[in-house]
1. When you look at GLN260, is it free of Cβ contacts under 8 Å to residues at least 60 places away in the same chain, in a helix (DSSP H, G or I) and either of a type in the set (S, T, N, Q) or not assigned by TED's automatic domain parsing to the domain that holds LYS209 (or both), yes or no?
2. Does ARG271 qualify as being out of contact with any helix residue (DSSP H, G or I) (no Cβ under 7 Å at 6 or more places or on another chain), assigned to a loop (DSSP other than H, G, I, E, B), free of Cβ contacts under 8 Å to residues at least 60 places away in the same chain and of a type in the set (Lys, Arg)?
3. Can you say whether ALA170 is touching a Cys at 6+ places or on another chain (Cβ under 9 Å) and either modelled with pLDDT under 95 or closer than 22 Å to ASP359 by Cβ (or both), as far as the supplied structure shows?
4. Determine whether LEU143 is farther than 21 Å from ASP288 by Cα, surrounded by 19 or more Cβ atoms within 10 Å (Cβ to Cβ) and hydrophobic (A, V, I, L, M, F, W, C).
5. Which is among the small types (Gly, Ala, Ser), in contact (Cβ under 8 Å) with a residue 60 or more places away in the chain and on the phi > 0 side of the Ramachandran plot, of GLY156, GLY190, GLY200?
6. Exactly one of (1) among the charged types (D, E, K, R); (2) modelled with pLDDT of 95 or more; (3) more than 17 Å from the chain's Cα centre (by Cα) is unmet by GLU284. Its number?
7. Among the candidates THR322, THR326, single out the residue that is in contact with a Gly (Cβ under 8 Å, 6 or more places away or on another chain) and under 30 Å from ALA346 (Cβ atoms).
8. Listed residues GLY87, GLY102, GLY52, GLY62; which is in contact (Cβ under 8 Å) with a residue 24 or more places away in the chain and outside the structural domain of LEU270 (by TED's automatic domain parsing)?
Amino acid sequence: MDLLTMSPKEVNRLEVIQRVKEKRMKGKAAAELLGISERQVKRLVRRYREQGAGGLISKRRGKPSSHQLGEETKREVLDLLRGKYKGFGPTLACEKMVEVEGLKISDESVRRLMMVEGLWKAKKARKLEVHQMRERRACDGELEQMDGTDHDWFEGRSERCTLLVMIDDATGKLGALSFVPEESFFGYCGLLRQYLAAHGRPAGLYTDKHGIFRVNISNTGCGDNLTQFGRAMQSLEIPILCANTPQAKGRVERVNQTLQDRLVKEMRLLRINDMQQGNAYLPEFIADFNARFAVQPRSSLNAHRPLLAHQNLDQILAWQETRLITKNLTLQFKNVVYQIQTDRPAYALRHAQVTVCQDDQDKVTVLYKGDELSFTIFQKQERQAEVVTAKQVEHTRKTYKPGPDHPWYHFPASPK
C-alpha cells in the first residue's frame, strides 16, 4: 500500500470532493467552499474517480518553480551587490536594480540571495518595549518635528557633520533638510527659513530638550527666560513643544535612521563629497523621498499660515541682545564699542534701551523702537603705559646669574 503525503489544503479538498461524489453536497456549494469554479470541481471529481486520492495532489510538487531567477540574473545581481551597491540593504538595493539597472526582481529575492552569500544578516528581534501610542496629527502643518543627527554622512570623504531635519507629523513628509557643521542657533534658523519659504508657518514645533530650544538652567536665557530660538519662534507665533524622551518624537528619530542609510548611499552613487554639494542635492532627495513614503493626512485642511507683514525674518532670525546707550551715545557688544550717529539732540538717546541684532554673516544692526540707528565702530587709542601684575614682571624680566668671581661666592661659611 502506497502512502500519500498531502497538505492540509489538499486534505480539505479531498473531503469536499468525496461529499460531491457521494451526492451529499452540490457542485456549486463545493466551488464556494474551495474558492474555485464549478467546472474545476467537475474536473476534480472526474480525476478522483479515475486516480483516487492521488489525483488531487498537486502535479507541481517537487518540481522547480517556473518563476525562479535564472543563473545569469543571479550572477548579475551578485556582481552589483559586491560592487556598485556594496553595503546597501535589500530594499534599497532592489529599488536601484529595478529603477537604474532595469532588472525585474523583488526585494525578497534580493534578501534571500544576500543571506545565502553572507552579504546580509537578519537582525535579531529586540526586546519589545511598550510605549504609549500617539496618533498622528490630522492636518498637514499642524505639528512639525525637528531634530539634528550627527553622522559620518560622507563616509570619510569629508569631515563629519550634522544633518538638521524637519518632518511633518501628519503626513511623514520631509519639510526641510540642511547639512551644518554642528547644531546651533543659526543652523536651525537657516533650516526654518528654508521651510517657511516652501510651506509657510507651521502651527507648532516638536523638539527635544536641547539648550537651543529650551532653557535648562534657571536664570539664563534672553528676557522672559527664553532661548534665542524660543524668542524667534514667539515672534513668529510658532509654539515649541519639548519631548521628554526620544520615543515621544519617534517619527523624526526613525527617519534619522532611514536617512543615515538611504541618503548616505545615494550621495555615494552621485559622488557627493562635501556639505556644499550635499545641500545642493537635498531638494531632489526630499522630492523623491516624499513621493515614496509620504501618506495622506486624515484631514484635507492645511494648517500652514503665511508670514505677516510685520514679521521681518532678517531681524527675527538674528541673534538679539538689549543694551543701554551711554551718555556719550556709545554701546558695547561682544567686545566692540559702537558710536551712535544721529541728528537728534544727544540727550534724547541717553540711557535709551536698544536691540542689537547680529545675523549669521556677523552683520550688526542696532534697533531703537523698531527703527535702525546709524553707527560707527569706535576705535580706542593704544595705551602708552600698561599696568601689569608682579607675576607678569617676573615672567618678562631676564634672570641674572652672577659670575664665578662674584663676591657672593667668597663669603666665609657660617658656623654650624
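The values are calculated or read from the model by the stated rules, or taken from the named source; none is laboratory data. The structure presented is a predicted model; accordingly, all values stated were derived computationally and were not measured. Virtual Cβ from ideal backbone geometry, glycine too; neighbours counted across all protein chains shown.
1. No.
2. Spelling it out, ARG271 is indeed out of contact with any helix residue (DSSP H, G or I) (no Cβ under 7 Å at 6 or more places or on another chain), assigned to a loop (DSSP other than H, G, I, E, B), free of Cβ contacts under 8 Å to residues at least 60 places away in the same chain and of a type in the set (Lys, Arg).
3. It is true that ALA170 is touching a Cys at 6+ places or on another chain (Cβ under 9 Å) and either modelled with pLDDT under 95 or closer than 22 Å to ASP359 by Cβ (or both).
4. yes
5. So the residue among GLY156, GLY190, GLY200 that is among the small types (Gly, Ala, Ser), in contact (Cβ under 8 Å) with a residue 60 or more places away in the chain and on the phi > 0 side of the Ramachandran plot is GLY200.
6. Condition not satisfied by GLU284: (3).
7. That would be THR322, the only listed residue that is in contact with a Gly (Cβ under 8 Å, 6 or more places away or on another chain) and under 30 Å from ALA346 (Cβ atoms).
8. GLY87 is the lone residue from the list that is in contact (Cβ under 8 Å) with a residue 24 or more places away in the chain and outside the structural domain of LEU270 (by TED's automatic domain parsing).
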